[in-house]
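Peer 1: Take a look at the following structure, please.
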Amino acid sequence: MADISSTPQDSGSSSRRDETATMSSRQGTRARLQFPHPPARPDQKADFSAIVVPEAGILPVPPLDIDASGCRELAVGMVRVLDKNNRPVGPWADYLGDLSADRLRLGLRDMLKMRAIDRRMLNAQRQGKTSFYLQCTGEEAIGCCFQRELSQGDMNFPTYRQQTLLVAADYPLEQLMGQLYSNELDPLKGRQLPIMHSARDYGFFSISGNLGTQYVQAVGWAMAAALTGTGKIAAGWIGDGATASNDFHSALLTASVYMPPVVLNVVNNQWAISTYTGIAAGKSETYAARALGYGIPALRVDGNDYLAVMAVSRWAIERARQGHGPVLIEWFTYRAAAHSTSDDPSAYRPRDEARAWPLGDPIDRLKAHLIARGDWSEERHVQAEAEILDEVTAVQKAVEAHGTFVDPQPISPAEIFLNVYADMPEHLRRQRQEMGY
Amino acid sequence: MARMTMIEALRSAMDVKLGDDPSVIVFGEDVGYFGGVFRCTAGLQARYGEERVFDTPINESAIVGMAVGMAAQGMRPCVEIQFADYVFPAYDQITQEAARLRHRSNGQFTCPLVVRMPTGGGIFGGQTHSQSPEALFTHVAGLKVVIPSNPYDAKGLLIAAIEDPDPVIFLEPKRIYNGPFAGDPHGKSVPWSAHPAGDVPEEHYSIPLGKAAIRRQGSAVTVLAYGTMVHVAEATVEQTGIDAEIIDLRTLLPLDLDTIRASVAKTGRCVVIHEATRTSGFGAELIAEVQEACFWHLRAPIQRVAGWDAPYPHAQEWDYFPGPDRIARALQQAMEA
């Protein structure tokens, strides 16, 4: 291994080299860099022993106008509602009050639908019917539940792994899948890579593949909402990996300065493609704790606990709506699937890592809670899974009839010249003619 | 001599330089343990250790900013931006810092770094995995801009780039990472092992920056191209039977004007091709240079084939990509005028 503190061979005179030698002898030891490592690699056993999972029900519900200085235990701890027996406990359970069985079954249904869509579309990509897909397996509770707590007119600024928001907003599956197949049902006319949805009427901002950019835009949207008095809020979404981006920090700074009605969500799913979350976190305790330095209240939450997601979403959205300013929520979860259909996680993490994840699976946990309440059963679950899969498959077949990559019914190429500008300039008209349209 | 894909040739270049120069260092997103999303750095961390090859946070301006600081001290960072489409947070560090450090410090500090990035379309990547931003770098004084079209050149040029005393933007046409591409997405895919330029020496060699290569000798018309479009041009010329001279620019900045001038003086006709959008694209610079240098030799208006002035689309990729039909039309127009 090369000594990187030594003078590079092509630079410098002997006098500079002597100076380096003097300096290092004067200072004694060489500084060593840190290179964070994941707990386990493919040839090792999954190891989450370093993750502390606090008991459910031990953290308080802070007042809506709390400031960052009062949030430390919430930012370094973890809000959890469901206990070992799948019963809601503690102040956050009390905050939720009595929940109807229908509301909880709706949550379960949203998540089952999401997982069915992911399975069907992964399969479609494997069959060559679309160019690309990306699942959110294991993270379903977060977006599915958060969306159900928003109001019409609120706006999410999602990443490409928040298709959950669309599902729980009851976005028509025909449009969602049309986008994935780039066929005539695609509201975006084939322009965008599959999974880069945009659905303004459903509170879903246009997705960019460039990471982090949406986070500070959420702050701007929230500022505009405040300036124009709409009473609506914005929700920014970002993954743990992209908290490293400039725009994450820009968002925290501007949110801290102007105090707009924005909920800033960090979905910490432990992996950024092959890169372990420690590369984004460095020596920070938690991503939530990072917000405290910006003066923004923050909480870390068990993202696989549907009830914890509901309680904290409700609290944070209410805080923003009542004008108490921004809040950051770190949703602690695990990316159980590959990053995308272009990725093979067995090359960088243990195959059984998802099974070893200490916070379990969000669907299994909500199902167990509903069963514990007496509002669900194994039989009903199996039946619901089958019904939802049938429903998703039926829509998929109908959407595929409008074209897939295997059986294309192309959107007109001239579409690419529309909506570049509000009014098509002359040079684009000429190019469209040259194209033959 | 070994058979290599462009990915393997690039890896071999970094391997050679990591091995023969302790100041060379390689980093970027997913570059370390995993070896990059296109696997260009696979195995290098295992071989050279993580002080030489490592993963970074997802922050392109940090990647290039760190590289500037290291390079200023005399190291030779060769960093990867995962896709050229993601380079823009680093645009400040590249264009305002790396490019000017030598000049503004009057040589006290220099910036011998390489920024590698996959560029161009052809993989159904949509607007954030397909762009060709070369002109955004050729417009900047102090940068060198390189784009290879085959494994042999990729290795020789990357070694030259790492050894260069100034910052080099190294654009890697991702469509031809694994084999040449004739422009027909439904055509048979050809691996680099079936192409002469897939023969790559294992050892050190370099190809000087600023030197173009003539891929096909011809007398009827000069074709200026680079990256993926060199292969599309070759295939089109083959199909049309026009006796074109195809010049693979290899380095866009500094430009090998001597080779271009000699060819156009001979043919009197010129077609310029690139994937990037047309308006203010690098083709505009090429046309201006050819016009200035060869005006009295020209027998026809210079033709330009480029991406349409729209964001790179997903589903309509092959209507957008300047393929053989459009190139053939431009060749005919250049010949008929």
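The values are calculated or read from the model by the stated rules, or taken from the named source; none is laboratory data. This one's a predicted model, so the numbers in the text were calculated from it and none came from an experiment. Backbone-built Cβ (ideal geometry, glycine too); neighbour counts: all protein chains shown. The area values use the complete protein model at the heavy-atom level, side chains included, leaving out ligands, DNA and RNA. Shrake-Rupley method; radii C 1.70, N 1.55, O 1.52, S 1.80 Å.
Peer 1: Select from the stretch B:2-40 all residues whose loss of accessible area on going from the chain by itself to the full protein assembly reaches 10 Å² or more (probe 1.4 Å).
Peer 2: B:D20, B:D21, B:P22, B:S23, B:D30, B:Y33, B:F34, B:V37
Peer 1: Same structure, new question: Using helices alone, I'd like the mean residue ellipticity at 222 nm for chain B: each DSSP H run of four-plus residues gives -39500 (n - 2.57), total over residue count, nearest 500.
Peer 2: Rounded to the nearest 500, the figure is -9500 deg cm²/dmol.
Peer 1: Give the residue from A:S198, A:S256, A:S284 lying farthest towards the positive end of the charge dipole for the stretch A:187-294; charges sit on Cβ (+1 for Lys and Arg, -1 for Asp and Glu) and the dipole is referred to the Cα centre.
Peer 2: A:S198
Peer 1: What is the Cα centroid distance between the stretch A:138-194 and the stretch B:208-280, reported in whole angstrom?
Peer 2: Between the Cα centres of the stretch A:138-194 and the stretch B:208-280 lies a distance of 45 Å.
Peer 1: So which residue, out of B:G198, B:G28, B:G65, gets the largest mean-square fluctuation from a GNM of chain B using Cα contacts under 10 Å as springs?
Peer 2: Judging by the Gaussian network model, the answer is B:G65.
Peer 1: Using r as the Cβ-Cβ distance of A:K45 and B:Q73, and R0 as 56 Å, what FRET efficiency do you calculate, to the nearest 0.05?
Peer 2: Step by step, r from the Cβ atoms, then E = 0.85.
Peer 1: Report the accessible area of B:R39, computed with a 1.4 Å probe over the heavy atoms of all protein chains in place, in Å² rounded to the nearest 10.
Peer 2: 90 Å²
Peer 1: Rounded to a whole number of µm²/s, how large is the Stokes-Einstein D of the protein assembly as shown at 4 °C and 1.567 mPa s, given Rh as the Kirkwood radius over C-alpha pairs?
Peer 2: It diffuses with D of about 46 µm²/s by this estimate.
Peer 1: Dividing the convex hull volume of the alpha carbon atoms of the stretch A:131-170 by its residue count, what do you get in Å³ per residue?
Peer 2: Per residue, the Cα convex hull of the stretch A:131-170 comes to 76 Å³.
Peer 1: Pick from A:S49, A:S206, A:S245: which residue has the top mean-square fluctuation in a GNM of chain A where Cα pairs under 10 Å get a spring?
Peer 2: Looking only at A:S49, A:S206, A:S245, the largest GNM fluctuation is found for A:S49.
Peer 1: I'd like the mean, over residues of B:47-58, of how many other protein chain beta carbons sit within 10 Å of each residue's own Cβ.
Peer 2: 5
Peer 1: Subtract the Cα-Cα distance of A:S206 and A:D390 from 0.36 nm times their separation in residues, and report this length gain in nm to one decimal.
Peer 2: This chain segment gains 63.3 nm when fully extended.
Peer 1: Under the rule of at least 5 residues apart or a separate chain, name every residue whose amide H is placed under 5 Å from the amide H of B:A2.
Peer 2: Here B:V200, B:E202 satisfy the definition.
Peer 1: In units of 2.2 N^0.38 Å, what is the alpha-carbon radius of gyration of the stretch A:300-437?
Peer 2: Working it through for the stretch A:300-437, the quotient is 1.66.
Peer 1: Ignore the peptide's own chain and count Cβ atoms of other chains within 10 Å of each Cβ in B:122-128; give me the average, rounded.
Peer 2: Per residue, the number of nearby Cβ atoms from other chains is 6 on average.
Peer 1: Taking accessible area as the heavy-atom solvent-accessible surface of the protein chains with a 1.4 Å probe, which residues of the stretch B:305-325 lose no less than 20 Å² upon going from the isolated chain to the full protein assembly?
Peer 2: Those residues are B:W308, B:D309, B:A310, B:P311, B:P313, B:H314, B:A315, B:Q316, B:D319.
Peer 1: Say each of B:H297 and A:V52 gets a label point 7 Å from the Cα, pointing the same way as Cα to Cβ; how far apart are those two points in nm?
Peer 2: Output for this residue pair reads 7.4 nm.
Peer 1: May I ask you to give the solvent-accessible area per residue for the stretch B:1-69, in square angstrom, as obtained with a 1.4 angstrom probe?
Peer 2: Accessible area per residue, the stretch B:1-69: 28 Å².
Peer 1: Here's a follow-up. Mind putting a number on the dipole of the stretch A:35-148 about its Cα centre? Charges go on the C-beta only, +1 for Lys and Arg and -1 for Asp and Glu, and I need it in Debye to the nearest 20.
Peer 2: Rounded to the nearest 20 debye, it is 820 debye.
Peer 1: What is chain A's relative contact order, in percent, from Cα pairs under 8 angstrom and six or more apart in sequence?
Peer 2: It rounds to 22 percent for chain A.
Peer 1: If contacts are Cα pairs under 8 angstrom and at least 6 residues apart, what is the relative contact order of the stretch B:1-49 in percent?
Peer 2: The value is 32 percent.
Peer 1: Turning to a different aspect of this structure: With a cut-off of 18 Å, note down the residues of the stretch B:194-208 whose backbone N falls inside the zone around a label point 7 Å from the Cα of B:A2 toward its beta carbon.
Peer 2: Under 18 Å, as judged by backbone N against the label point of B:A2, lie B:194-206 of the stretch B:194-208.
Peer 1: While we're looking at this one, here's another question. Using the Cα centre of the protein assembly as shown as the reference point, and only Cβ charges (+1 on K/R, -1 on D/E), how large is the resulting charge dipole? Debye, rounded to the nearest 20.
Peer 2: 480 debye
Peer 1: Each residue of the stretch B:222-229 in order: what ³J(HN,Hα) in whole Hz does its phi give by Karplus 6.51 cos²θ - 1.76 cosθ + 1.60, θ = phi - 60°, with x for Gly and Pro?
Peer 2: 3J(HN,Hα) across the stretch B:222-229, in whole Hz: 9, 10, 9, 8, 7, x, 3, 5.
Peer 1: Another question about this same structure. Taking accessible area as the heavy-atom solvent-accessible surface of the protein chains with a 1.4 Å probe, which residues of the stretch A:180-207 lose no less than 30 Å² upon going from the isolated chain to the full protein assembly?
Peer 2: A:G190, A:R191, A:Q192, A:L193
Peer 1: Give me the number: length gained by fully extending A:K397 to A:R126, i.e. 0.36 nm times residue separation minus the C-alpha to C-alpha distance, one decimal in nm.
Peer 2: Extra length available between A:K397 and A:R126 comes to 96.0 nm.
Peer 1: Shielding of A:279-291 by partners, i.e. mean partner chain Cβ atoms within 10 Å per residue?
Peer 2: 1
Peer 1: Place a label point 7 angstrom from the Cα of A:D170 along the Cα-to-Cβ direction, then list the residues of the stretch A:374-403 whose backbone nitrogen is under 12 Å away.
Peer 2: Under 12 Å, as judged by backbone N against the label point of A:D170, lies no residue of the stretch A:374-403.
Peer 1: Non-local amide H neighbours of B:V145 (under 5 Å, H modeled in plane, Pro and chain starts lacking H): which ones?
Peer 2: B:I169, B:L252, B:L253
Peer 1: Choose one answer from B:M117, B:M66, B:M14: the residue with the largest mean-square fluctuation in a GNM of chain B with alpha-carbon springs under 10 Å.
Peer 2: For chain B, modelled as a Gaussian network with Cα springs under 10 Å, the answer is B:M66.
Peer 1: On to the next question. Between A:R87 and B:A288, what is the FRET efficiency for a Förster distance of 51 Å, r being their Cβ-Cβ separation, to the nearest 0.05?
Peer 2: Approximately 0.10, to the nearest 0.05.
Peer 1: Taking amide H positions as placed in the peptide plane 1.01 Å from N, state which residues far from B:V305 in sequence (5 or more) or on other chains have amide H under 5 Å from it.
Peer 2: So B:V305 has HN proximity to B:V272, B:I273, B:H274.
Peer 1: Note down the relative contact order for chain B as a percent, whole number, built from C-alpha pairs under 8 angstrom at least six residues apart.
Peer 2: That works out to 16 percent.
Peer 1: Mind checking how much accessible area A and B bury in total, 1.4 Å probe, in Å² rounded to 100?
Peer 2: Buried surface at the A/B interface: approximately 4100 Å².
Peer 1: Heavy atoms only, probe 1.4 Å: what % of the accessible area of chain B goes to carbon and sulfur, would you let me know?
Peer 2: Carbon with sulfur: 50 percent of the solvent-accessible area.
Peer 1: Moving on. Just subtract the alpha-carbon distance of A:Q383 and A:R103 from 0.36 nm times their residue separation and send over the number in nm, one decimal.
Peer 2: 98.9 nm
Peer 1: Please find the FRET efficiency linking B:A194 to A:D364, where r is the Cβ-Cβ separation and R0 is fixed at 51 Å, and quote it to the nearest 0.05.
Peer 2: The formula returns an efficiency of 0.50 here.
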